[in-house]
Amino acid sequence: MLDNLLLMIPGPIEISPPVKKAFGVSPPSHVDPEVIDAFGRSIEKMRQAWRAAEDSQPFIIPGSGTLAMDMAVANLVAPGDRVLVVNTGYFSDRITEMLRRRGANIHTVGHGPGFAPSADEVVAALDTEGPFKVLCATHVDTSTGVRIKPEPLARAASERGVLSIFDGVCATIGERFEMAAWGADVYLTGSQKAIGLPPGLALLVASRRALEARDALAAPPPMSTDWHTWLPVMQAYEERRPSYFATPPTNLILALDVALDEILDEERGMMPIWDSHHKVATAMRRAWKALELELVPVRESTAANTLSAIRYPEGIGPELLGRIKARG
Ligand SMILES: *Cc1c(COP(=O)(O)O)cnc(C)c1O
């Protein structure tokens, strides 16, 4: 019985009963007034949850977190563009491969599993190896549990006229991110991670500068990843008008509206949810320590609040997973 298992991975995660209820209705039409309202409200609430500027553009797209990454690359990077990648694991490797296929000229800063390059090191690379058009970093790399500090990177990039893309799939909602204040250009995630929905939506917010960089591309990206394809759809829904390019997972749109209400505190915005993730993660880290388990992140200050990556103790291997599952 799947329903008796407590799922404790970065995503899919457990979803709340109200989200489950909103998701569980018979699939409505994408032009149903209720869907249009939920879509429009979700766009507005994403700006708040991402702490993004009024002139930024949220995109709610059928797809996975990986699609959101591909979309960011396709709209900001043209063949031959110089890109700096901060590499902290598997998903940094993935965006590197996307950049390679796009024909980018890639420079990487990174030191292997468990390590996060310092902000000074990244800024030095921006200055000595540049000029770059784009900086890419993974907020939390799920493979290592390493969290970078996005604020100094976003600020340094913005000051130098470099566009910044942050893969937040394992971080958004669970870790502090201030898109407007820090000057970040793209922050993206997938619905099944800390947002707390079933899988199926790629969620991305682009700054005004990022949208202008897309306008300046000589050749358009593939139609389904092109911001120009989706912009009129997003604008229509925000103005509470029906629209269509490709059918959205309508049940997920209803659920997103509910999930974002649960996330956003009316008075204190995102602070309460960030605080609660930090508190629970600190308690978990103390427990690992008491059990003499070792984290993959070499410094506790770079250990994520959204998941713990722990090394197997002597004599224990992947068979442990089966035993955990057997106990629910
Ligand atoms: C899960 C994850 C992805 C990929 O998301 P999918 O929805 O599986 O495509 C990308 N980056 C990070 C950091 C992730 O944790």
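Any read-out appearing in this document is the output of simple, stated calculations on the displayed coordinates, not a laboratory observation. What you see is a predicted model, and the numbers here were worked out from it, not measured in a lab. Every residue, glycine among them, receives a Cβ derived from its backbone with ideal geometry; neighbour counts consider all protein chains shown.
For Ile324, Ile310, Ile263, what ranking results if the residue with the fewest other Cβ atoms within 10 Å of its Cβ goes first?
Final ranking by Cβ density, sparse to dense: Ile324, Ile310, Ile263.
May I ask which residue of Gly328, Ala303, Leu293 lies farthest towards the positive end of the charge dipole of the stretch 286-328, with charges of +1 (Lys, Arg) and -1 (Asp, Glu) on Cβ and the Cα centre as origin?
Gly328
Run the dipole for the chain about the Cα centre, Lys and Arg Cβ at +1, Asp and Glu Cβ at -1, nothing else charged, and hand back the magnitude in debye, nearest 20.
Dipole magnitude for the chain comes out near 560 debye.
Give, to the nearest whole percent, the P(r) tail of the chain beyond 34 angstrom, counting all Cα pairs.
For the chain, the fraction of Cα-Cα distances above 34 Å is 23 percent.
Taking the Cα centre of the stretch 1-137 as origin, sum charge times position over the Cβ atoms of Lys and Arg (+1) and Asp and Glu (-1), and report the length of that vector in debye to the nearest 20.
180 debye
Quick one: which of Lys21/Lys289; Lys21/Lys149; Lys279/Lys325; Lys21/Lys325 span more than 32 angstrom between C-alpha atoms?
Checking Cα-Cα distances, Lys21/Lys289; Lys21/Lys149 exceed 32 Å.
Taking only DSSP H segments of four or more residues, each worth -39500 (n - 2.57), what value at 222 nm results for the chain once the sum is divided by all its residues, to the nearest 500 deg cm²/dmol?
One gets -12500 deg cm²/dmol as the mean residue ellipticity at 222 nm.
Across 5 Å bins from 0, what is the distribution of all Cα-Cα pair distances for the stretch 185-264, in whole percents?
3, 12, 19, 24, 22, 13, 5, 1, 0
What does the C-alpha gyration tensor say about the overall shape of the stretch 1-136? Classify as rounded when a/c is under 1.5, otherwise prolate if a/b is larger than b/c, or oblate.
In terms of gyration-tensor shape, prolate.
Rounded, prolate or oblate: which one fits the stretch 111-246, using the alpha carbon gyration tensor with axes a ≥ b ≥ c (rounded when a/c is under 1.5, else prolate when a/b beats b/c, else oblate)?
oblate
Mind listing the phi-derived Karplus ³J(HN,Hα) values for the stretch 191-207, rounded to whole Hz, using 6.51, -1.76 and 1.60 with θ = phi - 60°, and x for any glycine or proline?
So the J values, rounded to whole Hz, are 5, 8, 8, 5, 4, x, 10, x, x, x, 10, 8, 10, 8, 10, 10, 6.
What does DSSP give for the chain in terms of the percent of beta bridges that are antiparallel, rounded to the nearest 5?
Within the chain, antiparallel bridges account for around 50 percent of the total.
Projecting each Cα onto the charge dipole of the stretch 1-85 (Lys/Arg +1, Asp/Glu -1 at the beta carbon, about the Cα centre), which of Gly80, Ile15, Phe59 comes out farthest on the positive side?
Ile15
What ranking do Thr172, Thr225, Thr142 get, fewest neighbouring Cβ atoms within 10 angstrom at the top?
By the 10 Å Cβ count, ascending, the order reads Thr225, Thr142, Thr172.
Can you find, among Ile95, Val140, His107, the residue sitting farthest towards the positive end of the charge dipole of the stretch 80-141, where Lys and Arg contribute +1 and Asp and Glu -1 at Cβ?
Ile95
Please compute the volume of the convex hull spanned by the alpha-carbon atoms of the stretch 71-164 and report it per residue in Å³.
81 Å³
Tell me, Ile36, Ile9 in order of fewest to most beta-carbon neighbours within 10 Å?
Taking fewest neighbouring Cβ atoms as first place, the list is Ile9, Ile36.
Report the full-extension gain for the segment Ala181 to Ile316: residue separation times 0.36 nm, less the Cα-Cα distance, to one decimal in nm.
Using 0.36 nm per residue and subtracting the Cα-Cα distance, I get 44.1 nm.
Among the helices of the chain (complete DSSP H runs), which have Cα atoms covering no less than 27 Å along the helix axis and a Kyte-Doolittle mean of at least -1.0?
Helices meeting the span and hydropathy rule in the chain are 271-290.
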